[in-house]
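Participant: Input: one structure, supplied below.
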Amino acid sequence: MVATAHNNSNDTLEKIASEVIECPLCKLSRSRKNAVPGEGQISAKVIFIGEAPGKNEDETGRPFVGVAGRILDEALQKAGIERSQVFITNIIKCRPPGNRIPEDDERAACRPYLDRQISLIAPRIICLLGATAYTAILGGKSIKENRGKIIKRNGQEYLITIHPAATIYNKNLRHVLEEDLSSLSTKIKKMENQERNSLLNYIGDQNDRCC
Ligand code: URA
């Protein structure tokens, strides 16, 4: 079955994943071992978006399970964010040969899947990992001017940070990723507190009204 840009009420993450697994829409479908739809809960408050699956992801069908994945996991753990509580995916769902940067036709073919995942999960915040995700989602060439910042676009908040793989050969960047994920964690906690307080206020109002 072929992806469509529009969402509908029958859409599910499982349906999207099964379409991605069988997707024939671009040339990467002929070189991949496994497509990598992404993983996580529909209730996730945060979606992480990377560039594209690498070798390990192509072999397993899971996102961020190689070296970059271990770096992401460590940064998440240090920030106190559970990997199981977020949704992790990529701009494109199949590995480009030699891990080259995804081409325009590949991004375009894959984009409806990502849009449907975002639309279903409706995250409070989307974390863009690196320049490819930043450019594809928000436009602009370099993440330098916005790295570490939260940007609001069309009602959706985005945190822009570096790609975990960027820290493999430049270990000094490790603390940059960790710092950004730590501020993401603070932001999530703040949002959860606000939600809890408005719920408590609502319950208080209802009690006042009926007693
Ligand atoms: N790099 C990415 O951008 N995504 C993955 O899933 C793995 C490595």
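Participant: Counting Lys and Arg as +1 and Asp and Glu as -1, what is the net charge of the other residues whose Cβ lies under 13 Å from the Cβ of K149?
Facilitator: +1
Participant: Normalise the Debye intensity by I(0) for the stretch 1-145, one equal point scatterer per Cα, no solvent, then take log10 at q = 0.09, 0.11, 0.19, 0.21 Å⁻¹ and round to two decimals.
Facilitator: So the normalised log intensities work out to -0.24, -0.37, -1.19, -1.47.
Participant: For every other residue with a beta carbon closer than 14 angstrom to the beta carbon of G69, add +1 if it is Lys or Arg and -1 if Asp or Glu, then tell me the sum. If you can, show how the numbers build up before the last one.
Facilitator: On the way: positive: K55, R62, R70, R83, R95; negative: E39, E51, E57, D58, E59, D73, E74.
Computed value for this residue: -2.
Participant: What fraction of the DSSP beta bridges in the chain is antiparallel, stated in percent and rounded to the nearest 5?
Facilitator: 30
Participant: Quick one: what are the phi-derived ³J(HN,Hα) couplings along the stretch 35-41, Karplus 6.51/-1.76/1.60 with θ = phi - 60°, whole Hz, x for glycine and proline?
Facilitator: So the J values, rounded to whole Hz, are 6, 10, x, x, 8, x, 8.
Participant: Distance from the Cα centre of the stretch 35-64 to that of the stretch 131-199, in angstrom?
Facilitator: 17
Participant: Fewest first, what order do R70, R124 take by the number of other Cβ atoms within 10 Å?
Facilitator: Ascending number of Cβ neighbours within 10 Å: R70, R124.
Participant: Given N residues in the stretch 78-121, what is its alpha carbon radius of gyration divided by 2.2 N^0.38 Å?
Facilitator: 1.43
Participant: Send over the semi-axes of the stretch 138-204's equivalent ellipsoid, whole angstrom and largest first, taken as the square roots of 5 times the C-alpha gyration tensor eigenvalues.
Facilitator: Values: eigenvalues 192, 51, 8 Å².
Here the semi-axes work out to 31, 16, 7 Å.
Participant: Would you pull out the residues with amide H under 5 Å of E157's amide H, same chain only if 5 or more places away, H placed 1.01 Å from N?
Facilitator: For E157, the qualifying residues are I126.
Participant: Sticking with this structure for a sec: First obtain the Kirkwood hydrodynamic radius of the stretch 33-84 from its Cα pairs, then insert it into the Stokes-Einstein equation at 37 °C and 0.692 mPa s, and state the resulting D in µm² per second as a whole number.
Facilitator: The Stokes-Einstein estimate is 282 µm²/s.
Participant: Less than 20 Å apart at the alpha-carbon level, and either on another chain or at least 8 residues along: which lysines does that give for K45?
Facilitator: Within the straight-line limit of under 20 Å, K45 reaches these lysines: K78, K149, K152, K187, K189, K190.
Participant: How are the C-alpha pair distances of the stretch 103-163 spread across 10 Å bins, as whole percents from the shortest bin up?
Facilitator: Using 10 Å bins, I get a P(r) of 22, 53, 25, 0 for the stretch 103-163.
Participant: A further question on this structure: Which far-off residues, 5 or more places away or on another chain, put their amide H under 5 Å from the one on G140, with H placed in the peptide plane?
Facilitator: Amide H neighbours of G140, under 5 Å, 5+ apart: none.
Participant: Normalise the Cα radius of gyration of the stretch 78-211 by 2.2 N^0.38 Å (N = residues in it) and let me know the number.
Facilitator: 1.29
Participant: With θ set to phi - 60° and the Karplus curve 6.51 cos²θ - 1.76 cosθ + 1.60, what are the ³J(HN,Hα) couplings of the stretch 52-60 in order, to the nearest whole Hz, using x for Gly and Pro?
Facilitator: 6, x, x, 4, 5, 5, 4, 6, 9
Each reported figure results from applying straightforward, stated rules to the coordinates on display, with no laboratory input. Small disclaimer: the values here were computed from a predicted structure and weren't measured. Backbone-built Cβ (ideal geometry, glycine too); neighbour counts: all protein chains shown.
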